[in-house]
1. Kindly indicate whether residue 509 is closer than 26 Å to residue 374 by Cβ and crowded, with 23+ Cβ neighbours inside 10 Å.
2. Only one residue in 217, 176, 245 is in the same structural domain as residue 271 (by the TED database), at pLDDT 85 or above and not hydroxyl-bearing (Ser, Thr, Tyr), so which one is that?
3. Checking the conditions here, which among 907, 865 is at pLDDT below 90, in contact with a Ser or Thr (Cβ under 6 Å, 6 or more places away or on another chain) and assigned to a loop (DSSP other than H, G, I, E, B)?
4. Residue under question is residue 788, and the condition is that it be crowded, with 21+ Cβ neighbours inside 10 Å and within 29 Å of the chain's Cα centre (by Cα); does it hold?
5. Can you tell me which residue is surrounded by the fewest Cβ atoms within 10 Å (Cβ to Cβ) among those in the range 599-654 that are outside any loop (DSSP other than H, G, I, E, B) and basic (Lys, Arg)?
6. Could you tell me whether any residue of the range 320-340 is over 20 Å from residue 181 (Cβ atoms), at pLDDT below 75 and outside any loop (DSSP other than H, G, I, E, B)?
7. Could you pull out the residue among 488, 493 that is on the phi > 0 side of the Ramachandran plot and either modelled with pLDDT of 70 or more or not assigned by the TED database to the domain that holds residue 376 (or both)?
8. Name the residues in the range 92-114 that are of a type outside the set (A, V, I, L, M) and modelled with pLDDT under 75, would you?
Amino acid sequence: METAAVQTAGNAIGPAVAAGKCICNWLKREYSYVKHISLNFEKLEEENSRLSDKVADVLNELHCNESRKESTVECRGWLRRVKNMQTEIERLKSEYAKIPHTCLCGLWQCPALLKRVVKRTEDAASLKAEWGQITTMCDKAPTVWNDDGWTFYHPPLRNHMDMLIDWLNEEGFKRICIRGPTGVGKTTIMKMVRKKIRESGWFDYIFNVTQKDKSSILRDIQEEILSCLGKKMDKNDPPVRPEVISKTLMGKKYVLFLDELSSAVNFEEVGINHEQGKVVFACRDKYDGCTEKEMDVQVLSKEHARKLFWEVVGPDRDLEKNTAIKQIAEKIIDLCDGMPPILISIGKQLAGKNEIALWREKKSQLQSPKINRDYIIDRWAAEHFLECQRLSKVRDRGHAILDWFTENFLLEKGEKLGHLKMFVGFQRAALRIANEEESQSSLVENGETIEFHKWMQAKRVSLACTQLSSTLPPNPKCSRLSTLLIHENRLPEIPKQFFKYMSGLQVLCLREKGISGLPSSISRLRNLKGLFLDNCSCLVVLPPQIGHLQSLEILDVRHTGIYYLPSEIGQLGNLKCLKVSFTVGNNLTVNSGNCCQKGKDERIIRRKIIKKLSKLEELSIEVSPNSRRWDADADAVAKEITMLKKLTHLHFHFPQMESLDHFIRNSESWKANGETGEFEGFRSFNISVGQQGNSSASDFNAFECSAEKHLKFFAFSAGVEFPGAVSEVLKQATSFELIGHGTAGSLTDGLPDDTLEKLEVCIIEGCDEMTSIIKGNTNTTGGAFRCLKKLHIKKLRNLVSIWKGTIASESFSALTTLTLKECQGITKLFSLEVVRKLCKLQNLQVEDCAMIEKIIEAESSVESTAFPSLKNFQLCSLTSLSSICDVPLECPSLERILIKTCEALTTLPSVLQKAPKLREIQCAEDWWHQQKWPKNETGEQVRTFHLHFC
């Protein structure tokens with residue numbers, strides 16, 4: 001028994017001893033792992049550091065070349081693998097830090113961890129070595145255009161697109177989820193990737209479904225798939241659909257894109273669960289079903305949001321350089337919260353817009369509708385529709401609303417500048433909506449007869465553009481009426497008591513009406529805010545009762561027959577806006593100096609009238625610059641304007657420089673320009689100064705650009721230098737007309753360096769001694785005309801060059817239109833140095849310059865960037881012109897050419913050879929056949945455009 005026990009024990013001890021030895025050996029080996037793990041971690045850190053240095057070098061190289069180059073797909077893939085590797089290394093470090101190294105209980109974790117450390121060290125070294133076989137950059141791809149025709153390239157979007165394409169190319173990923181809040185670009189990513197893989201032919205079938213109803217998602221997916229497969233199924237056979245789909249797609253490569261998915265989908269019930277089938281779905285929250293890959297799409301960072309915004313705004317980079325606009329843009333970008341759709345939408349609306357008013361309004365009312373100009377805005381202001389106390393705020397908001405309406409096709413631009421029209425369907429819809437509100441009943445009378453009984457309950461009535469066969473009723477009872485529009489019809493008179501029962505009327509428009517006077521009952525309109533009488537050419541006198549309109553805020557009496565303002569205007573203490581003109585009316589021409597009617601000789605504006613209107617914010621007095629009557633009154637009126645403290649807009653002619661100088665030095669409104677606070681001074685002005693002399697009106701329109709601030713200087717009696725008052729106004733101006741300066745050698749003679757910085761439009765005419773527009777020097781750092789968009793030059797008989805001397809870096813960089821007429825001294829228009837600055841020039845017109853021989857003087861070849869934006873090219877009556885340029889000229893955007901009376905020019909084909917977008921040429925037939933073509937070519941052989949002989 002004992003022997004058996006001993007034997008049994010011996011039998012047990014042998015294996016135990018052997019097991020003990022194994023355990024000891026294992027412990028030693030594991031201890032060895034623990035002993036060397038810190039050393040291996042050091043090696044891993046070292047390899048990771050080298051890899052990080054390489055990544056830094058790659059990113060720096062990409063950054064330095066980002067304007068011309070972009071990273072390759074393999075480069076982006078390598079960077080993603082490095083990022084994943086470094087994430088895993090950080091995870092290993094975190095696990096290692098949690099192991100208790102002071103006791104044996106943590107030893108069991110070390111071998112597995114060490115193996116992973118060694119593996120990642122080898123992987124890091126392999127990744128670094130792999131870089132030597134990778135191409136970092138390639139030429140930047142064209143800007144991505146979406147289906148709406150707008151670009152929005154930004155790195156996060158491209159990175160997500162590339163990542164999704166990579167996942168679709170890998171076999172193991174069948175379910176891919178794109179997750180993120182609404183508006184961050186999930187749909188865009190799927191749309192662009194869908195387009196890419198459709199072009200590549202990687203998949204046999206591509207399906208696309210957007211979830212509309214959670215309960216019908218299975219049916220929607222099945223119907224989309226069956227439709228693409230060309231399978232017609234009876235709506236009563238839903239059970240067989242999965243089987244049909246599954247059999248048809250067996251062995252096929254396909255991908256299904258699901259957008260706006262809100263819950264998990266059983267794809268086996270759909271009929272798609274094949275080895276080569278993939279599903280990509282976008283959802284706002286975490287997806288409950290099974291996924292192999294997930295992509296988180298977040299809002300853009302501030303840097304990327306800024307890049308996207310300016311990319312959408314477009315290539316008009318001088319907007320970004322404009323300090324005031326740039327500051328507003330930064331606030332707009334912040335308000336967009338990094339959301340691409342909002343950034344794109346606002347960017348589209350502001351693209352090419354130089355009116356700072358639009359930018360200001362976009363900042364405060366990003367998603368609200370904005371409004372238009374002049375008459376419409378005045379009416380809104382009178383009705384207090386926009387709830388703004390100051391007219392300047394109403395203007396800003398009004399411009400923005402109508403601009404929004406136009407861009408969204410609710411309004412259409414008319415043929416005349418600044419005119420808008422609404423589509424008939426929208427007019428009816430707007431009227432129907434207004435009438436659905438019980439208290440906002442609106443009536444539009446557009447027939448030959450008027451249904452006056454309907455006026456009783458109406459709040460707004462329009463008789464605009466009607467052909468009325470009857471007269472107005474003598475005294476309609478319309479106590480609810482707030483707006484009455486009776487314009488653009490020929491009613492001869494208004495009954496004397498017509499306004500007796502309209503005490504609630506706030507807006508009265510009688511513009512373009514044949515009335516010769518206002519009835520005495522006008523005094524009953526105690527609540528009237530806006531009175532519009534413009535273009536009533538037969539109206540010659542305002543009645544004394546006008547002074548009873550104590551609530552009146554806007555009065556427009558431009559382009560009438562009125563030849564003076566009655567003293568009762570001074571009683572309108574609440575008047576904010578006064579617009580009046582005294583040019584021509586009822587065959588009474590102010591220019592003639594004949595101001596007599598029925599033996600009266602009246603001042604145009606009596607003394608102290610303007611001074612009493614202390615609440616005036618906008619004053620427009622339009623007169624002829626040659627009016628002798630105005631010369632007698634202007635100084636006194638100018639001094640009264642100086643006393644107005646709330647003025648934000650002024651349209652005024654100063655016959656004498658002394659009057660302008662007094663206004664600039666003493667006006668509190670003018671001196672408030674640029675200051676902060678509730679009152680910000682002038683937002684706009686149209687100031688002219690000097691006597692017009694014998695010069696005719698300019699044929700250029702100075703208001704083609706934003707031109708909120710316009711200065712016109714008749715300089716016939718000016719000295720050598722520009723007067724100080726003109727320089728001060730010019731610093732604020734966005735458009736400038738210089739007429740008849742007889743001594744200035746250039747526009748910059750005697751002007752401070754910063755005087756021309758804000759100009760967008762410049763017109764120079766009849767300056768006989770001017771030999772160049774700008775005289776540059778080596779000390780110029782900023783650049784004159786850096787914001788200039790349009791430059792019109794006429795009758796400068798001694799002009800030799802546009803720019804003389806050193807050209808500053810930013811000068812003319814924004815110029816889009818250049819017109820040169822009747823300048824008989826210039827022989828060559830551009831030097832090669834000037835051409836290099838005109839990268840945005842779109843319209844070039846040269847007429848009646850008899851001595852000009854060449855458009856571009858180039859001693860060497862002209863760069864391919866010369867005139868990259870030129871679209872319209874006109875050359876007329878240039879009898880000495882023999883060459884546009886002596887070397888081939890590249891005009892990649894040129895669309896239209898007009899050539900008239902340029903008999904000596906026979907080298908036009910040198911332009912045509914490098915003008916791929918040319919669509920039209922207008923010229924004389926004989927001249928066309930005299931052109932010299934290269935050997936083996938004729939005009940017919942290279943012609944891809946319409947040829948019009950004139």
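The values are calculated or read from the model by the stated rules, or taken from the named source; none is laboratory data. Because the structure is predicted, anything quoted here is derived from the model rather than measured. Neighbour counts run over all protein chains shown; Cβ positions are idealised from the backbone, glycine included. Side chains included, ligands, DNA and RNA excluded: accessible areas come from the protein's heavy atoms. Shrake-Rupley method; radii C 1.70, N 1.55, O 1.52, S 1.80 Å.
1. Yes.
2. 176
3. Answer to the check: 907.
4. For residue 788, the condition - crowded, with 21+ Cβ neighbours inside 10 Å and within 29 Å of the chain's Cα centre (by Cα) - is met.
5. Filtering first and then ranking leaves 600.
6. yes
7. 488
8. 96, 98, 100, 101, 102, 103, 105, 106, 108, 109, 110, 111
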